[in-house]
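Just so it is clear, none of the values below were taken in a lab; they were calculated from the coordinates. Everything numeric here is computed off the predicted structure, so don't read it as measured data. When we count neighbours, we look across all protein chains shown, and the Cβ atoms used for this are built from the backbone with ideal geometry, even at glycine.
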Amino acid sequence: MRRLETYYSVFPWHVNHFGSLHGGIYMSWIIDAGGLLMSALSKGNYLLASVDYIYLIRPARIGDLVRIEATATAAWNSSAEIKVKACIKKGDKEELGALSLMTYVAVDEHNRPRRLVTDISHNEEADKRREARLERKIKDSQDPSDLLDGMSFGKYYVRTIYPEHGFSNGILYAGKMYQMLDEALAIVAKLYTKGNVFTAGAGYADFMTPVRIGDILEIQGAIEYTGTTSLDVGAKVFAINHFTGEKRLVTRTVFSFVAIDEKGNPRPIPKLTPATEKEKRIFEEREKERKSRIALSKELQKIETCE
Ligand SMILES: CC(C)(COP(=O)(O)OP(=O)(O)OC[C@H]1O[C@@H](n2cnc3c(N)ncnc32)[C@H](O)[C@@H]1OP(=O)(O)O)[C@@H](O)C(=O)NCCC(=O)NCCS
């Protein structure tokens, strides 16, 4: 099996007060679909190792039916790269709703990588993407410092991880983490822009260490880039063991939001003027990274359809 399809109905408890599917729930459905396919491929436990991107292209609305398609695009010893596409059904037609590329790793009972037996191969392009992921994971893991130091506008979001957030292997389920990230980073965006925001998507994330049930999760979110109506809220996620005080960097990522007015139309936002050396460096890096993230989204939207 290399392809799986699943459906979700958008019910009132999935939407915001505009009647649009919450970004965090949309993302968790995407992660679910990729995970269902990985479960079938690996015939056992797995973990989400990385997200390359999640683009929320069109909002799903209350009453819509969302068809989500997961396709394995490459596999190696223990990992598989899975592309996920969400299509929103509108009568007889379907519109492209969201796109994502993620890598899952098959794991044993100790949550360590185990062999994946599959006939799915990998080509040179996929190998390059894999190398890039492993390189950026090393780079991000080398900076476990707090994000909020030296940033003009940021907030902490702290939660205990309970069994209701976990996977059967005692580890925080990635879909739940994305719901928490979306809530935490949208709060930062709302407070900064003094109004409502829509989630446009998320950039790459590599999951360096599992978050265990009972750990305390700390999400640090800060404004890293502002455009005219959109903004990037960067995040660093930490797992804290309160018995030992040990704090582990779990991931570094970014969410993009668009500020909206009371009619749901984009509205201008205050410009961030980077004040410290750290903020200037992050702003410039984010501007560059964001350009390539948006360019890739536009390219993919020409190729990926829902027919
Ligand atoms: C994913 C994880 C199991 C990898 O463990 P590791 O010790 O780094 O693994 P290794 O270096 O032995 O690599 C094992 C495989 O993982 C892949 N991998 C590791 N990090 C990766 C990343 N960021 N992106 C994609 N693949 C990755 C490697 O390519 C390798 O694949 P292969 O066996 O098919 O060649 C580990 O980093 C982890 O537990 N992370 C947390 C995962 C998690 O909690 N997910 C839920 C998020 S809420």
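Annotations
- Dividing the convex hull volume of the alpha carbon atoms of segment 1-124 by its residue count gives 113 Å³ per residue.
- 222 nm mean residue ellipticity, helices alone, for the chain (DSSP H n ≥ 4; -39,500 (n - 2.57); rounded to 500): -9500 deg cm²/dmol
- Where trypsin sites (Lys or Arg not before Pro) fall in DSSP loop in segment 96-179, at most 12 other Cβ within 10 Å: 115
- For segment 141-214, the calculated P(r) over all alpha carbon pairs, in 10 Å bins from 0 to the bin holding the longest distance, is 16, 41, 36, 8, 0 percent.
- In order along segment 94-106, the phi-based Karplus estimate (6.51 cos²θ - 1.76 cosθ + 1.60, θ = phi - 60°) of 3J(HN,Hα) comes to 10, 10, 5, x, 7, 9, 8, 10, 9, 10, 10, 10, 6 Hz; Gly and Pro are listed as x.
- In range of the label at residue 275: residues from segment 136-161 whose backbone nitrogen is under 17 Å from the point 7 Å along Cα→Cβ: 147-156
- Ranked 226, 118, criterion: other C-beta atoms within 10 Å, fewest first: 118, 226
- Label-zone membership for segment 1-17, site residue 61, 7 angstrom Cα→C-beta point, backbone N under 15 Å: 10-12, 15-17
- The simple spin-label model puts a point 7 Å past each Cα toward its Cβ; for residue 228 and residue 145 those points are separated by 3.5 nm.
- Structural size metrics of segment 3-76, computed from C-alpha coordinates, are Rg and Dmax of 13.6, 43 Å.
- All Cα pairs of segment 177-307, percent lying beyond 18 Å: 59 percent
- Cut-off under 5 Å, modelled amide H: who pairs with residue 211 long-range: 172
- Gaussian network model of the chain, springs between alpha carbon atoms under 10 Å - residue of 99, 48, 134 with greatest fluctuation: 134
- Fewest-first ranking of 17, 242, 165, using other Cβ atoms within 10 Å as the exposure measure: 17, 242, 165
- Evaluated at q = 0.11, 0.14, 0.16 Å⁻¹: base-10 log I(q)/I(0), Debye formula over Cα of the chain: -0.66, -1.12, -1.48
- Annotation: for a label point projected 7 angstrom from Cα along Cα→Cβ of residue 108, no residues of segment 184-214 have a backbone N closer than 14 Å.
- Residue-by-residue Karplus 3J(HN,Hα) for segment 245-251, coefficients 6.51, -1.76, 1.60, Hz, glycine and proline x: x, 5, 10, 10, 6, 9, 6
- With neighbours defined as other Cβ atoms within 10 Å of a residue's Cβ, the residues 27, 151 order from fewest to most as 151, 27.
- GNM top mover of 63, 154, 19 - the chain, alpha-carbon springs below 10 Å: 63
- Between segment 66-118 and segment 216-255, the alpha-carbon center distance in angstrom: 24 Å
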